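A quick write-up on the structure given underneath.
The values are calculated or read from the model by the stated rules, or taken from the named source; none is laboratory data. Because the structure is predicted, anything quoted here is derived from the model rather than measured. Note: ideal-geometry Cβ built from the backbone for every residue, glycine included; neighbour counts use all protein chains shown.
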Amino acid sequence: MNYAIIGAGIGGLTTALAFQRKGIAYQVYERFPKLSPVGAGIWLSPNALQVLEHLELLEEVKQQGNSIDRITIGKPDLSPISDIPQNLIKQRFGYSAIAIHRAKLQKLLLDKIPKEKVHLGKAFESFSDEGAQLSLNFSDGSGARTDFLIGADGIKSRVRNQLFPDSQIRYSGQTCWRGVADIELDSAFDNRVYELWGNQVRFGFSRISKAKYYWFAVALDAPNAKDDQAAVQQKLLSMFRGFDSTVIALLKATPTDKIIRGDLNDLKPMKKWYEAKVCLIGDAGHATTPNMGQGGAQAIEDAYYLSHFIQNASAPDAFRMFQDKRQKKVNAIVNQSWMTGKVAHWKYGRGLRNLIMASVPKGMMNKKVIEMYEIEKFETVS
Ligand SMILES: Cc1cc2nc3c(=O)[nH]c(=O)nc-3n(C[C@H](O)[C@H](O)[C@H](O)COP(=O)(O)OP(=O)(O)OC[C@H]3O[C@@H](n4cnc5c(N)ncnc54)[C@H](O)[C@@H]3O)c2cc1C
């Protein structure tokens with residue numbers, strides 16, 4: 001049985017690697033002729049890292065990324081609202097989150113997959129069921145045949161649009177700028193994540209490697225609003241002028257043409273992620289706002305479970321088992337992340353919000369987070 005994976009993002013590539021390790025036949029089709037991931041940095045939480053460990057990729061991720069020992073939600077002057085050392089997480093899993101450049105993560109995954117299985121410049125258009133097999137159509141007029149189809153083509157998934165045309169992308173009301181600053185800060189910042197909550201704006205940052213810091217900035221705006229790229233750095237400097245000098249230094253150390261912007265959307269949770277021979281994973285099936293840093297991690301978890309079920313049952317039964325295993329956890333994350341985004345941008349009662357945040361016992365927070373990071377253990381492959 002052959003599986004076609006549409007999309008060579010984090011979800012598609014991790015699925016390809018998991019299939020490779022388990023001897024499941026697959027081909028990957030990616031619309032871009034070259035893989036150049038946007039989005040600067042990413043935090044890989046321990047659930048994602050356990051999957052990467054299972055796929056024997058963890059050591060390289062550790063070497064190329066930066067370990068996070070402390071996560072602080074703070075005020076614009078860096079003073080903490082909630083400050084969580086990651087010791088308990090480290091004790092439980094052997095590591096805490098790792099911050100890494102997206103391009104490095106993608107390359108690490110890609111390098112482990114045989115070149116001939118990744119078809120670049122193949123923009124998926126549609127599929128049709130020809131009885132014995134599915135026929136795939138690409139925008140360059142070419143086609144391919146497959147037994148099963150995995151839609152890993154992100155939040156605007158064409159696979160999903162054909163399968164479930166009523167699915168709904170929701171705009172959170174928030175837009176996000178991201179960048180990588182070529183800068184070294186005081187060593188006190190080395191292994192920390194900061195997210196600073198101001199007056200309906202927030203700014204997060206962490207070191208991803210030597211002399212490189214990933215940052216993001218979030219503000220309320222109308223959907224699809226655009227910037228004058230030449231002035232975007234200046235715009236952000238003005239938006240965050242009351243913030244700690246570290247924030248200003250990070251913005252100044254990022255060339256304006258390298259700052260990227262994207263609206264924060266998610267996908268209204270769907271009842272089904274599969275139908276007959278087609279299954280959705282990652283953002284294609286359950287995109288979430290990034291407020292819990294879990295979208296990529298959930299795509300990676302999808303790869304882990306889907307490959308396990310496919311190894312042990314044939315599709316579509318394997319797709320049903322995958323959905324049954326994953327849906328409750330993923331929907332809870334989507335909903336919690338949506339709420340967190342709203343709280344972070346509260347207009348009124350920010351003092352009260354901060355007080356509530358500060359009074360949540362650390363033990364309780366750690367317990368919830370550890371639950372989210374747990375994955376079911378399967379035997380190591382390869
Ligand atoms: C601001 C921000 C910060 C984030 N931070 C984090 C974080 O710290 N940690 C975390 O875990 N997650 C984070 N996320 C979420 C994470 O980026 C996504 O959940 C993750 O990238 C989803 O992976 P994916 O493979 O499902 O989709 P994508 O990464 O969107 O990949 C989809 C791939 O499919 C390709 N494709 C699309 N259409 C077609 C087509 N028609 N034919 C062929 N190929 C196609 C695309 O080119 C792309 O390569 C963040 C998201 C945002 C917006």
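Results, tabulated for the structure shown:
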item	result
Residues (surrounded by fewer than 14 Cβ atoms within 10 Å (Cβ to Cβ) and in contact (Cβ under 8 Å) with a residue 12 or more places away in the chain) located in the range 172-189	Asp182
Selection within the range 315-330 - modelled with pLDDT of 95 or more and not hydrophobic (A, V, I, L, M, F, W, C)	Asp317, Arg320, Gln323, Asp324, Lys325, Arg326, Gln327, Lys328, Lys329
Candidate set: the range 108-118, residues that are touching a residue at least 60 places away in the same chain (Cβ under 8 Å) and not β-branched (Val, Ile, Thr); chosen: the one surrounded by the fewest Cβ atoms within 10 Å (Cβ to Cβ)	Pro114
Selected residue (only one of Ser307, Ser337 is buried (at least 24 other Cβ atoms within 10 Å of the Cβ), polar (S, T, N, Q) and outside any loop (DSSP other than H, G, I, E, B))	Ser307
Any hit, the range 10-23, residues being among the small types (Gly, Ala, Ser) and either within 9 Å of the ligand (Cβ to nearest atom) or under 30 Å from Arg70 (Cβ atoms) (or both)	yes
Of all residues making up the range 87-97, the number that are among the polar types (S, T, N, Q) and either under 26 Å from Arg350 (Cβ atoms) or surrounded by fewer than 16 Cβ atoms within 10 Å (Cβ to Cβ) (or both)	2
Evaluation of Pro316 against (1) over 19 Å from Thr14 (Cα atoms); (2) near the ligand (Cβ under 10 Å from one of its atoms) (one fails), failing number	(2)
Unmet requirement for Asn224, which otherwise passes all of (1) farther than 30 Å from Ala132 by Cα; (2) within 14 Å of the ligand (Cβ to nearest atom)	(2)
Close pairs from the range 137-163: first more than 17 Å from Ala276 (Cα to Cα) and in a loop (DSSP other than H, G, I, E, B), partner away from the ligand (no atom under 12 Å from the Cβ) and at pLDDT 95 or above, Cβ under 8 Å, at least 6 apart	Ile155/Ile169; Lys156/Ile169
Every pair of residues 6+ apart whose Cβ atoms lie under 7 Å, when the first sits in the range 280-303 and is within 15 Å of Asn161 (Cβ to Cβ) while the second is more than 6 Å from the ligand (Cβ to nearest atom) and hydroxyl-bearing (Ser, Thr, Tyr)	Leu280/Ser157; Leu280/Tyr274; Ala284/Ser157
